[in-house]
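**Q** Input: one structure, supplied below.
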Amino acid sequence: MLSSQDLDASLNPIQLEAVRAGDGPLLVLAGAGSGKTRVLTYRIADLILRRGVAPAHILAVTFTNKAAGQMRDRLAGLLGPAVPRALWIGTFHAICSRILRISGRWIGVDPRFVIYDEDDQRTLMREVIREANVDERQFPPAGVLAEIGRAKNELVDHVAFARRAETHRDEVIARLYAAYERRLGECHALDFDDLLLRAVQLLREHPPALAEYQARFRHILVDEYQDTNHAQYVLVNLLARQHRNLCVVGDDDQAIYRWRGADVRNILEFERDYPEARVVTLAQTYRCTPQILRAASAVIGHNPHRHAKSLWTANPDGAPVTLYEAFDGYDEARYVAEQIRAHVGSGGRAGDVAVLYRTHAQSRQFEEMFLRLGIPYQIVGGVRFYERTEIRDMLAYLRLAYNPADEVSLRRVLNVPRRGIGEATLRRLEAWARDEGLSLWEALRRAQDAGVGPQPRRALREFVALIDALVAHASDHPAREVLAYALDLTGYRRLLEAEGTEDAHSRLENLEELAAVAREVEEMAGEGTLEAFLQHLALQTDPDAFEDRPDRVTLMTLHSAKGLEFPVVVLAGLEEGLFPHARAAEQEASLEEERRLCYVGMTRAKSRLLLTYARQRASYGMSRPTVPSRFLDEIPAEYLERAATPRTPTADWPEDEQRPVPEVAVGDTVRHRTFGTGRVLEVDGDGPRAIVTVRFDGVGTKRLALGYAPLEVVQRAGPASS
């Protein structure tokens, strides 16, 4: 157990000042790698240990589930396992979800609501657009949802949105917004943005709820405050209004989410909101070498709207920052691959290295080169575990066991596995349900009244009985047992076992992994209910998808790298129009954000930083000359060690090394000299530089560079497969 003396010895003087700061508003400006998580955690420990604040009166808000988990683990190590369970620790969405499940009934929110992710939202919006007879080409679901999401983040509901509509497009979106909200209500569902919108609505419109939560949360701590949007800003300030014990930690130099509604002014103007605020700046960084820190500070120093801070480090000087001028994108990738090989050859690990870039499209050339040279890698942002078909299918069954009104889940599994319930039957049920003012689930129960024929009616009766059985089982069994029951009752497990292919075996393994997640959630949360399990899964976010693999180089966008660190970082494609991005170059606020993004990328590096740009780069099938990024001009020459190449593209891809390249399409059966026979799942690119994804019968899925992989097409796919 931590003592007050241990706390003093574990912190530097400025960190201790932030931890020991008394009541009232506190702004902690935390430079990259300066120990902000430690300060937050130890401040909570100090509130409990030294000042006697009950854990139940402390709210700690993080931006990722991973950060919340790390904070819980650290507090458990400092104060014992019981304390973190009494605290409210979680992301904004998790905290709002918890508030709404407890108190949402006051504003008409069903406490058993399900949370719709992006895929669920698109499915529902597609139905809304179809029913409204709106042209999906002019109003694509993703675009409409983006506008609705922006409105919700500004706390603009569908009524206010309709009032401020000025153009025909605004009026159509207002109509779709209203219909979408109605359908969410019918499904007893909320989307991610609703969690914030409805929580603020509860606090604003129901004074007893506001008073209850203000009294409960006597101390509020918020991490990454520079990334808060308007809804989050309003929520925090409503909750903190009574006690004013609000501690926000962040770094305006790392505010990179303006495109999704974050407002850096929230942190820049904290002292205007709280004139009595105390400000503590954590200036000592424990991550970067002085060389890296000097170069990064030189770049960010060109932003005019920021809190001035002079970061320093006691770390050894380390290697100079390298700036490499490549001939083109392939030469850039070759150079990076050589540096990785040299790092591994000198005793380092491939997992020490991260290659960061501005846009996803830049990964292609690195992938090709790494495949060609046998360098193992992972791309952050591929198909994630919870997006796999079999996982989404089984989660749909579990969501129906929790909430049968969930129409998106109902549509997904109504005929999975196949039951003979076709699209025509579904449309008939939908139309009848609309006419009768019923939900789709109620219409399924009354299929005979809806005029459904005998054969599909029998299948629907069996499906309804299946869901009823799942609901009954879920009422008194933990999630892991409900999952096992659902796999057997639905016939899903039997279907995959009967298929007997490598793909089916892989899908069964994924479902076993889902069962393992259910057990982990039960251990972590201290409860195994289906509600706790579904809540945990629904609130998983993109940053939580990163997996630390010591054997693989990581390829990721700069936005994905926020919050991570690596011994070696490559920041690629530093060219005008690419980074800073062409869309940002003309607006001061956007350019400042691009500069902050560059700073974030540079400060991910612990011991070595490589910056690269190409003299020319392919764009729309043509090679065009480039201009080095203005950010490179902002780094003093003495901070950089320059390198360049005399190479040309033909030297990188010599013709005599290339094999004849077969024409490969999705669905083709191919043979590889080493891996055997497999089926093509994806083809990315054309010609010798295309990357193909193949699932081989014996060794699983592989990504191969077509120009260098010994592939032979043994059977062409039919028209349906391609």
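The values are calculated or read from the model by the stated rules, or taken from the named source; none is laboratory data. Predicted, not measured: the structure shown is a model, and the values here were computed from it. No Cβ is skipped: glycine too gets one built from the backbone with ideal geometry, and neighbour counts run over all protein chains shown. Heavy atoms of the whole protein, side chains included, go into the accessibility calculation; ligands, DNA and RNA do not. Shrake-Rupley method; radii C 1.70, N 1.55, O 1.52, S 1.80 Å.
**Q** If you check every pair at least six apart or on different chains, which have Cβ atoms under 6 Å apart with a residue in the stretch 284-313 that is part of a loop (DSSP other than H, G, I, E, B) first and a residue that is β-branched (Val, Ile, Thr) and open to solvent by 30 Å² or more (accessible area, probe 1.4 Å) second?
**A** From the stretch 284-313, the pairs are LYS309/THR281.
**Q** In the stretch 589-630, what residues are assigned to a strand (DSSP E or B), closer than 22 Å to ARG294 by Cβ and open to solvent by less than 40 Å² (accessible area, probe 1.4 Å)? Don't jump to the end; show me each part of the working.
**A** Initially, the stretch 589-630 is screened for residues assigned to a strand (DSSP E or B), giving 605-614, 616-619, 622-625, 628.
Those left that are additionally closer than 22 Å to ARG294 by Cβ: 605-613, 628.
Listed by number, the residues that qualify are ALA605, LEU609, LEU610, LEU611, THR612, TYR613.
**Q** Going by the structure shown, is GLN362 open to solvent by 30 Å² or more (accessible area, probe 1.4 Å) and either farther than 24 Å from LEU597 by Cβ or not in a loop (DSSP other than H, G, I, E, B) (or both)?
**A** On the way: open to solvent by 30 Å² or more (accessible area, probe 1.4 Å): no; either farther than 24 Å from LEU597 by Cβ or not in a loop (DSSP other than H, G, I, E, B) (or both): yes.
Against the criterion (open to solvent by 30 Å² or more (accessible area, probe 1.4 Å) and either farther than 24 Å from LEU597 by Cβ or not in a loop (DSSP other than H, G, I, E, B) (or both)), GLN362 does not qualify.
**Q** With the checklist (1) aromatic (Phe, Trp, Tyr); (2) assigned to a loop (DSSP other than H, G, I, E, B); (3) buried (at least 17 other Cβ atoms within 10 Å of the Cβ) in hand, flag the one item TYR324 doesn't pass.
**A** Against the list (1) aromatic (Phe, Trp, Tyr); (2) assigned to a loop (DSSP other than H, G, I, E, B); (3) buried (at least 17 other Cβ atoms within 10 Å of the Cβ), TYR324 comes up short only on (2).
**Q** Just checking: which of the helices (runs of 4 or more DSSP H) contained wholly in the stretch 448-553 hold 1 or more residues that are open to solvent by 80 Å² or more (accessible area, probe 1.4 Å)?
**A** In the stretch 448-553, the matching helices (runs of 4 or more DSSP H) lie at 454-474, 479-489, 492-499, 502-525.
**Q** Looking at the stretch 328-344 only, could you name the residues that are touching a residue at least 40 places away in the same chain (Cβ under 8 Å), within 19 Å of GLU641 (Cβ to Cβ) and either open to solvent by 40 Å² or more (accessible area, probe 1.4 Å) or not in a helix (DSSP H, G or I) (or both)?
**A** Listed by number, the residues that qualify are GLN339, HIS343.
**Q** Among the residues of the stretch 538-560, is there at least one that is under 26 Å from ARG98 (Cα atoms) and in contact with a strand residue (DSSP E or B) (Cβ under 6 Å, 6 or more places away or on another chain)? First the steps, then the outcome.
**A** Kept after step one, since they are under 26 Å from ARG98 (Cα atoms), are these residues of the stretch 538-560: 538-546.
Filter once more, so that each one left must be in contact with a strand residue (DSSP E or B) (Cβ under 6 Å, 6 or more places away or on another chain): 538.
Within the stretch 538-560 (the criterion being under 26 Å from ARG98 (Cα atoms) and in contact with a strand residue (DSSP E or B) (Cβ under 6 Å, 6 or more places away or on another chain)), the answer is yes, since at least one residue qualifies.
**Q** Only one residue in ALA146, ALA178, ALA162, ALA174 is within 15 Å of GLU127 (Cα to Cα), free of Cβ contacts under 8 Å to residues at least 24 places away in the same chain, of a type in the set (A, V, I, L, M, F, W, C) and in a helix (DSSP H, G or I), so which one is that?
**A** Matching residue, one of ALA146, ALA178, ALA162, ALA174: ALA178.
**Q** Considering only the stretch 559-592, how many residues are more than 21 Å from ALA618 (Cβ to Cβ) and among the hydrophobic types (A, V, I, L, M, F, W, C)?
**A** 8
**Q** OK, next. Hey, could you check the stretch 628-643 for residues that are acidic (Asp, Glu) and free of Cβ contacts under 8 Å to residues at least 40 places away in the same chain and say which is farthest from ARG608 (Cα to Cα)? Even if it seems obvious, please write down each step before you answer.
**A** First pass over the stretch 628-643, keeping only residues acidic (Asp, Glu): 633-634, 638, 641.
When the remaining residues are screened for being free of Cβ contacts under 8 Å to residues at least 40 places away in the same chain, the result is 633, 638.
Values: ASP633: 20, GLU638: 16 Å.
Taking the candidates together, the pick is ASP633.
**Q** From the list GLY698, GLY667, which one is outside any strand (DSSP E or B), under 30 Å from SER506 (Cβ atoms), of a type in the set (Gly, Ala, Ser) and modelled with pLDDT under 70?
**A** GLY698
**Q** Within the stretch 95-110, which residues are open to solvent by 60 Å² or more (accessible area, probe 1.4 Å) and outside any helix (DSSP H, G or I)? Full working, then the answer.
**A** Our first condition is that a residue be open to solvent by 60 Å² or more (accessible area, probe 1.4 Å); within the stretch 95-110, this holds for 98, 102, 105-106, 108.
Selection gives GLY108 alone.
**Q** Still on this model: Select from the stretch 186-241 the residues that are outside any helix (DSSP H, G or I), open to solvent by 20 Å² or more (accessible area, probe 1.4 Å) and either free of Cβ contacts under 8 Å to residues at least 60 places away in the same chain or among the hydroxyl-bearing types (Ser, Thr, Tyr) (or both) and list them in ascending order.
**A** Listed by number, the list holds a single entry, ARG241.
**Q** Give the residue that is most open to solvent (accessible area, probe 1.4 Å), with candidates limited to residues of the stretch 392-437 that are within 17 Å of SER475 (Cα to Cα) and among the hydroxyl-bearing types (Ser, Thr, Tyr).
**A** TYR402
**Q** Considering only the stretch 589-607, state which residues are charged (D, E, K, R) and free of Cβ contacts under 8 Å to residues at least 40 places away in the same chain. Talk me through it step by step, then tell me what you get.
**A** Step one: filter the stretch 589-607 for residues charged (D, E, K, R), giving 592-596, 604, 606.
Hit for the stretch 589-607 is GLU594, nothing else.
**Q** Would you call THR389 under 30 Å from VAL553 (Cβ atoms) and either surrounded by fewer than 17 Cβ atoms within 10 Å (Cβ to Cβ) or over 27 Å from the mean Cα position of the chain (by Cα) (or both)?
**A** Taking the combined requirement at face value, the residue satisfies it.
**Q** Next question, about the same structure. Which residue out of VAL114, VAL83, VAL61 is within 20 Å of GLY185 (Cβ to Cβ) and either β-branched (Val, Ile, Thr) or open to solvent by less than 10 Å² (accessible area, probe 1.4 Å) (or both)?
**A** Going through VAL114, VAL83, VAL61 in turn, the sole match is VAL114.
**Q** Run ALA298 past the list (1) among the small types (Gly, Ala, Ser); (2) in contact with a Pro (Cβ under 9 Å, 6 or more places away or on another chain); (3) under 20 Å from THR645 (Cβ atoms) and report the number of the one that doesn't hold.
**A** ALA298 satisfies every listed condition except (3).
**Q** In addition: Do you know which residues across the stretch 565-588 are surrounded by 18 or more Cβ atoms within 10 Å (Cβ to Cβ), in contact (Cβ under 8 Å) with a residue 60 or more places away in the chain and within 19 Å of ALA296 (Cβ to Cβ)?
**A** PHE566, VAL568, VAL569, VAL570, LEU571, ALA572, GLY573, PHE579
**Q** Related question: When residues of the stretch 76-127 are filtered for being over 26 Å from the mean Cα position of the chain (by Cα), more than 20 Å from LEU210 (Cβ to Cβ) and touching a residue at least 40 places away in the same chain (Cβ under 8 Å), how many remain?
**A** The qualifying residues number 4.
**Q** Residue check, GLY69 against (1) crowded, with 21+ Cβ neighbours inside 10 Å; (2) assigned to a helix (DSSP H, G or I), all met but one. Which one?
**A** Tallying (1) crowded, with 21+ Cβ neighbours inside 10 Å; (2) assigned to a helix (DSSP H, G or I), GLY69 fails exactly one: (1).
**Q** Would you say LEU489 is modelled with pLDDT of 90 or more and within 20 Å of GLU407 (Cα to Cα)? Walk me through it before giving the result.
**A** Numbers: modelled with pLDDT of 90 or more: yes; within 20 Å of GLU407 (Cα to Cα): no.
It is false that LEU489 is modelled with pLDDT of 90 or more and within 20 Å of GLU407 (Cα to Cα).
**Q** In addition: Report every pair of residues separated by at least 6 positions or lying on different chains whose Cβ atoms are under 9 Å apart, first residue within the stretch 248-263 and touching a residue at least 60 places away in the same chain (Cβ under 8 Å) and more than 15 Å from VAL61 (Cβ to Cβ), second surrounded by fewer than 20 Cβ atoms within 10 Å (Cβ to Cβ) and of a type in the set (Val, Ile, Thr).
**A** As it stands, the answer is none, since no pair meets every condition given.
**Q** Which numbered condition trips up GLU276, out of (1) assigned to a helix (DSSP H, G or I); (2) surrounded by fewer than 18 Cβ atoms within 10 Å (Cβ to Cβ)?
**A** That leaves (1) as the condition not met.
**Q** Then there is this: Has the stretch 165-174 got any residue that is at pLDDT 95 or above and in contact with a strand residue (DSSP E or B) (Cβ under 9 Å, 6 or more places away or on another chain)?
**A** Scanning the stretch 165-174, I find no residue that is at pLDDT 95 or above and in contact with a strand residue (DSSP E or B) (Cβ under 9 Å, 6 or more places away or on another chain), so the answer is no.
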